[in-house]
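Q: Here it is, the structure in full.
The values are calculated or read from the model by the stated rules, or taken from the named source; none is laboratory data. Given the structure is predicted, the values throughout are model-derived calculations rather than measurements. For neighbour counting, all protein chains shown are included, and Cβ atoms are generated from backbone atoms with ideal geometry for every residue, glycine included.
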Amino acid sequence: MKNLCKLLAVCGLVLGLALPALAAEPIKIGALYNLTGGMSSIDVPSLNGAKLKAKMINEAGGLLGRQIEIIGIDCKTDQKAAAIGAKKVLGDDIVAGIGLSDPAFVLPSAPLFQKKGIPFVTSGATLPTLPAMVGDCMFLAPYGDNVQAHAIADYAVKDLGLKKIAVWTDNSMDFTKTLAKFFKQGVKDGGSEIVLEDFFMSGDKDFSAQIARLKASGADAVFVSACPNEAGLSVKQIREAGLEMPILSGDGFDTELVADVPGKKLAHGIYFTTHTFRNETRPEVLEFIKAYKAEYGVEPENAFAALGYDAMGLVANAIKTAGSAKPADIRMALSETVNYPAVTGGITFKGNGGVPLKSVSIINVTDGEYTVKHVWNPNAK
């Protein structure tokens, strides 16, 4: 009888020790990214940024006494794969989702998070109507296309003095169509003229017809509303055709392909908008760049690396603020976020409907080198 009591006591002690271990299961975050295909040059760095932030949090003790586990899914730059990826991570007991850099892939996936009441923070999709389209579980780490389009339009008209601008639009993507629409309005508001509107489709390899029309248009610049895969190729063919006019764009041009595809000699006179962090000296920026280089052996490839880091940071901040890893509590804390010190600029969701109002960097590419020319502040408008 005495031995039985001892055995039961030991078993009780073992079970008591096991309970905290069971309670400390990881906090799972679903991460949807296009790691292959046309969006990979911006989504791979973005996922790397998210993983880095999670690692840093875990090394500092985690959240609520638990570690973060990122469950990454390759959406393959395919809308069906994005929907399938969302269903897969939603079946894995996640508390929030992050990722994707274009609304074409957010729209097939984020509504599935909404149905389950699980917040989703896109690290790169800039369509400002996404929260209205998806619901109250949808948040943007970046600014909206309306902001970046007006930034580059304002810079083109006031700083570059451009009067006649042609616009090329990838007519197969929501992001590129929305960006072009806001850019055209910004140019007209600034008193300049859109002299040509032309179109292409994702995956196009030959821009000779568009170039012929561009030459005949009398334009003194061209705005190319494109995603990364077509960014470098369009620059290459425009320059090879002997056109030296400025090439303008949005954050779809924030990829090494803009310099690598045409080569440094042809990669000049390019101006695009992106998310602030280059040339910044804020402590959170310097910490991010140092940690990224230590982890991956290179400095952040583009602003999307910082946006992935910020998206993970926003979710972590919401969990910490709520003192809870329940999706409903995380969603509420996200909606109440005020001036979160993100690498890409302070983020406030409260009163902004899930879309932060942030500064925009204007980048110039000359001889393959990327330089910040101007930081445009929407609050100064």
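Q: Just name the residue that is surrounded by the fewest Cβ atoms within 10 Å (Cβ to Cβ) out of those in region 118-130 that are closer than 19 Å to M332 by Cα and over 15 Å from the mean Cα position of the chain (by Cα). Working first, answer last.
A: Looking only at region 118-130, we keep the residues that are closer than 19 Å to M332 by Cα, and these are 118-123, 130.
In the following step, the residues that additionally are over 15 Å from the mean Cα position of the chain (by Cα) were identified as 118-119.
Values: I118: 22, P119: 28.
The qualifying residue surrounded by the fewest Cβ atoms within 10 Å (Cβ to Cβ) is I118.
Q: Also, quick follow-up: Residues being surrounded by 24 or more Cβ atoms within 10 Å (Cβ to Cβ) and either more than 30 Å from R213 (Cα to Cα) or touching a Leu at 6+ places or on another chain (Cβ under 8 Å) (or both): count how many of those fall in region 145-167.
A: Residues flagged as surrounded by 24 or more Cβ atoms within 10 Å (Cβ to Cβ) and either more than 30 Å from R213 (Cα to Cα) or touching a Leu at 6+ places or on another chain (Cβ under 8 Å) (or both) within region 145-167 amount to 6.
Q: List, please: which pairs have Cβ atoms under 7 Å, are six or more places apart or on different chains, and start with a residue in region 44-65 that is surrounded by fewer than 19 Cβ atoms within 10 Å (Cβ to Cβ) and end with one that is at pLDDT below 95?
A: G65/A24
Q: If we keep just the residues of region 175-224 that are surrounded by 20 or more Cβ atoms within 10 Å (Cβ to Cβ) and not hydrophobic (A, V, I, L, M, F, W, C), which is nearest to H268 (Cα to Cα)?
A: Step by step, filter region 175-224, then rank; the result is Q210.
Q: Something else about it: For the structure I just gave you, tell me whether V315 is assigned by TED's automatic domain parsing to the domain that holds H374 and not hydroxyl-bearing (S, T, Y).
A: For V315, the condition - assigned by TED's automatic domain parsing to the domain that holds H374 and not hydroxyl-bearing (S, T, Y) - is not met.
Rundown of residues vs (1) in contact with a strand residue (DSSP E or B) (Cβ under 6 Å, 6 or more places away or on another chain); (2) closer than 24 Å to A125 by Cα; (3) not assigned by TED's automatic domain parsing to the domain that holds A125, yes/no style:
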position	(1), (2), (3)
K265	no, no, yes
E284	no, yes, no
A294	no, no, no
F304	no, yes, no
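Q: Separate question: When region 179-232 is examined, which residues are found to be touching a helix residue (DSSP H, G or I) at 6+ places or on another chain (Cβ under 6 Å), over 18 Å from M245 (Cα atoms) and small (G, A, S)?
A: Correct list: G186, G190.
Q: What are the residues in region 358-381 that are modelled with pLDDT of 90 or more, outside any strand (DSSP E or B) and surrounded by fewer than 21 Cβ atoms within 10 Å (Cβ to Cβ), if any?
A: Scanning region 358-381 gives S359, D367, G368.
Q: Given the condition touching a helix residue (DSSP H, G or I) at 6+ places or on another chain (Cβ under 8 Å), closer than 14 Å to D170 by Cβ, surrounded by 19 or more Cβ atoms within 10 Å (Cβ to Cβ) and without any contact (Cβ under 8 Å) to a residue 40 or more places away in the chain, answer yes or no: does some residue in region 260-281 qualify?
A: No - not one qualifying residue is present in region 260-281.
Q: If I filter region 261-284 for residues that are acidic (D, E), out of contact with any Pro (no Cβ under 9 Å at 6 or more places or on another chain) and over 28 Å from I347 (Cβ atoms), do I get at least one hit?
A: No, region 261-284 contains no residue that is acidic (D, E), out of contact with any Pro (no Cβ under 9 Å at 6 or more places or on another chain) and over 28 Å from I347 (Cβ atoms).
Q: Starting from region 84-101, keep only residues that are touching a residue at least 60 places away in the same chain (Cβ under 8 Å) and in the same structural domain as A125 (by TED's automatic domain parsing), then list their pairs with residues that are in a helix (DSSP H, G or I) and of a type in the set (D, E, K, R) whose Cβ atoms are within a distance under 6 Å, requiring at least 6 positions of separation or different chains.
A: Final answer for the pair search is S101/D43.
Q: For region 325-348, what are the residues that are surrounded by fewer than 16 Cβ atoms within 10 Å (Cβ to Cβ) and either within 23 Å of I118 (Cβ to Cβ) or among the polar types (S, T, N, Q) (or both)?
A: K326, A328, E336, V338, N339, T348
Q: Looking at region 73-82, which of its residues are touching a Phe, Trp or Tyr at 6+ places or on another chain (Cβ under 9 Å), in contact (Cβ under 8 Å) with a residue 24 or more places away in the chain and surrounded by 17 or more Cβ atoms within 10 Å (Cβ to Cβ)? Please lay out each step first, then the result.
A: Applying the first criterion (touching a Phe, Trp or Tyr at 6+ places or on another chain (Cβ under 9 Å)) to region 73-82 yields 73-75, 77-79, 81-82.
Narrowing further to those that are in contact (Cβ under 8 Å) with a residue 24 or more places away in the chain: 73-75, 77-79, 82.
Result: I73, D74, C75, T77, D78, A82.
Q: While we're here: Could you please let me know if G232 is out of contact with any strand residue (DSSP E or B) (no Cβ under 8 Å at 6 or more places or on another chain), modelled with pLDDT of 95 or more and over 23 Å from S46 (Cα atoms)? So that I can check it myself, show each step before the final result.
A: Numbers: out of contact with any strand residue (DSSP E or B) (no Cβ under 8 Å at 6 or more places or on another chain): yes; modelled with pLDDT of 95 or more: yes; over 23 Å from S46 (Cα atoms): no.
Spelling it out, it is not the case that G232 is out of contact with any strand residue (DSSP E or B) (no Cβ under 8 Å at 6 or more places or on another chain), modelled with pLDDT of 95 or more and over 23 Å from S46 (Cα atoms).
Q: Here's something else I'd like to know. Answer with yes or no whether T274 is within 25 Å of P246 (Cβ to Cβ) and either in a strand (DSSP E or B) or at pLDDT below 95 (or both).
A: yes
Conditions tested, residue by residue: (1) more than 19 Å from the chain's Cα centre (by Cα); (2) without any contact (Cβ under 8 Å) to a residue 12 or more places away in the chain.
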| position | (1), (2) |
| --- | --- |
| E287 | yes, yes |
| E299 | no, yes |
| D310 | no, no |
| G313 | no, no |
| A328 | yes, no |
| R331 | yes, no |
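Q: May I pose another question? Quick one: which of G161, G135 is modelled with pLDDT of 95 or more and either in the same structural domain as L100 (by TED's automatic domain parsing) or within 21 Å of A83 (Cα to Cα) (or both)?
A: When all the criteria are applied, what remains is G135.
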